Amino acid sequence: MAQNAFAPVPRALADALGAARYVAALTGAGISAESGLATFREAQTGLWARFDPRELATPSAFAKNPKLVWEWYAWRREQAAAAEPNAGHRALAELERRLPRFLLITQNVDGLHQRAGSRNLVELHGNIGRVKCSREGTIVERWDAPRDSVPRCASCGALLRPDVVWFEETLPADALAQAEAAARECDMLLVIGTSAEVYPAAALPASARASGATVVEINPHATPLSARVDYALRGPSGAVLPALLASLEAGGSGAK
Ligand code: OAD
């Protein structure tokens, strides 16, 4: 069922997209790769190939070496702020405007979907642009950045931390509940740029399929999910998503 990104979108898929009352999309780091941001698990270039997540992305890492963790996230925050949304992000924002009902579920923390214009969005793993108090969880808009230490909460004095989900932490309950409901209720789920290895997000495609949705994977490479989708569109999301959008605009007529 694999389909080359530069070949037309299959007619049956374009028709199903055009007929769908509720479309959801689940995105991962791959959709931001064409904006120049590193993914996590790709050999050589992935962040987890170059950095140890146990030293950087767990509560115990923060307790042990808060400065190292703070600085690593500050570095990634700067990279995200300097990056620009790409054609894939923009096509999803446009799909939201065109389709009767659309929910974007992202594992990404880079904020590029919002900057591309997506509004109906659930962030499963937080947002690197936000900072919160490590004790009270309150979001902090402004903080002093001391040169040699981690900033502290002005109200309680605890260390500040990025508002992202670390390993060993639970996802925001509301966001997960919305994502799970969308998987159960949607007619089509687009799974874009994710290795589909990190749960609970990785369980959403199977849930959608079990509820009768058409599941479409968009990824240049095969993943553990590939054998269990209705369509696997093999190509970069910056090319495939605009093609999918074009197929909708063409009323499904550009395909065989
Ligand atoms: P991964 O790094 O695990 O997977 C990225 C996927 O993107 C791979 O399957 C690539 O083949 C694919 N990819 C690469 N370039 C692409 C492109 N141009 N277009 C489309 N796909 C492309 O990243 P995630 O699945 O997002 O969690 O990782 C899930 C979670 O693991 C992250 O949210 C993060 C990480 O640990 C936390 O930090 C909590």
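The values are calculated or read from the model by the stated rules, or taken from the named source; none is laboratory data. Because the structure is predicted, anything quoted here is derived from the model rather than measured. In this analysis, Cβ positions are derived from the backbone assuming ideal geometry, glycine residues included, and neighbour counts consider all displayed protein chains. Accessible surface is based on the protein model in full, side chains and every heavy atom, while ligands, DNA and RNA are left aside. Shrake-Rupley method; radii C 1.70, N 1.55, O 1.52, S 1.80 Å.
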- Query: ALA33 is checked against (1) within 19 Å of the chain's Cα centre (by Cα); (2) closer than 30 Å to CYS153 by Cβ; (3) touching a residue at least 12 places away in the same chain (Cβ under 8 Å) and fails just one. What number does that condition carry?
  - Reply: (2)
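Report, by residue number, each residue of segment 117-149 that is outside any strand (DSSP E or B) and open to solvent by less than 10 Å² (accessible area, probe 1.4 Å).
Within segment 117-149, SER118, LEU124 meet the criteria.
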- Query: On the given criteria, is ALA213 more than 17 Å from ALA29 (Cα to Cα), crowded, with 24+ Cβ neighbours inside 10 Å and in contact with a helix residue (DSSP H, G or I) (Cβ under 7 Å, 6 or more places away or on another chain)?
  - Reply: no
- Message: Six or more apart or on different chains, Cβ atoms under 6 Å: show the pairs whose first residue is in segment 76-92 and under 19 Å from GLY46 (Cβ atoms) and whose second is part of a helix (DSSP H, G or I).
- Response: ALA83/SER35; ASN86/GLU34; ASN86/SER35; ASN86/GLY238; GLY88/ILE31; GLY88/SER237; GLY88/GLY238; GLY88/LEU241
- Query: In the list LEU190, LEU176, which residue meets the criterion of being over 19 Å from ALA19 (Cβ atoms) and of a type in the set (A, V, I, L, M, F, W, C)?
  - Reply: LEU176
- Message: Just to be sure I understand, how many residues within segment 222-234 are over 17 Å from the mean Cα position of the chain (by Cα) and either of a type in the set (A, V, I, L, M, F, W, C) or within 25 Å of ALA87 (Cβ to Cβ) (or both)?
- Response: 9
- Item | Complete set of residues in segment 81-90 that are surrounded by 14 or more Cβ atoms within 10 Å (Cβ to Cβ) and away from the ligand (no atom under 13 Å from the Cβ) | ALA83, PRO85, ARG90
- Can we say GLY193 is free of Cβ contacts under 8 Å to residues at least 24 places away in the same chain and at positive phi? no
- Item | segment 206-256, subset of a type in the set (Asp, Glu) and touching a strand residue (DSSP E or B) at 6+ places or on another chain (Cβ under 9 Å), residue nearest to SER35 (Cα to Cα) | GLU217
- Query: So is SER60 away from the ligand (no atom under 13 Å from the Cβ) and either open to solvent by 40 Å² or more (accessible area, probe 1.4 Å) or in a helix (DSSP H, G or I) (or both) or not?
  - Reply: yes
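Could you please let me know if ALA43 is of a type in the set (A, V, I, L, M), open to solvent by less than 50 Å² (accessible area, probe 1.4 Å) and over 11 Å from MET188 (Cβ atoms)?
Working: of a type in the set (A, V, I, L, M): yes; open to solvent by less than 50 Å² (accessible area, probe 1.4 Å): no; over 11 Å from MET188 (Cβ atoms): yes.
When the stated conditions are applied, ALA43 does not pass them.
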- Filtered residues of segment 198-225 (kept if touching a residue at least 60 places away in the same chain (Cβ under 8 Å) and part of a helix (DSSP H, G or I)): ALA201, LEU204, PRO205, ALA208
- free of Cβ contacts under 8 Å to residues at least 60 places away in the same chain, surrounded by 14 or more Cβ atoms within 10 Å (Cβ to Cβ) and either assigned to a helix (DSSP H, G or I) or touching a helix residue (DSSP H, G or I) at 6+ places or on another chain (Cβ under 7 Å) (or both): does that describe ARG97? no
- Any idea how many residues of segment 14-48 are away from the ligand (no atom under 16 Å from the Cβ) and charged (D, E, K, R)? 2
- Task: Taking only segment 169-191 into account, find how many residues are surrounded by fewer than 18 Cβ atoms within 10 Å (Cβ to Cβ) and outside any helix (DSSP H, G or I).
- Result: 3
- Meets criteria (within 12 Å of the ligand (Cβ to nearest atom) and touching a Phe, Trp or Tyr at 6+ places or on another chain (Cβ under 6 Å)) for PRO162: yes
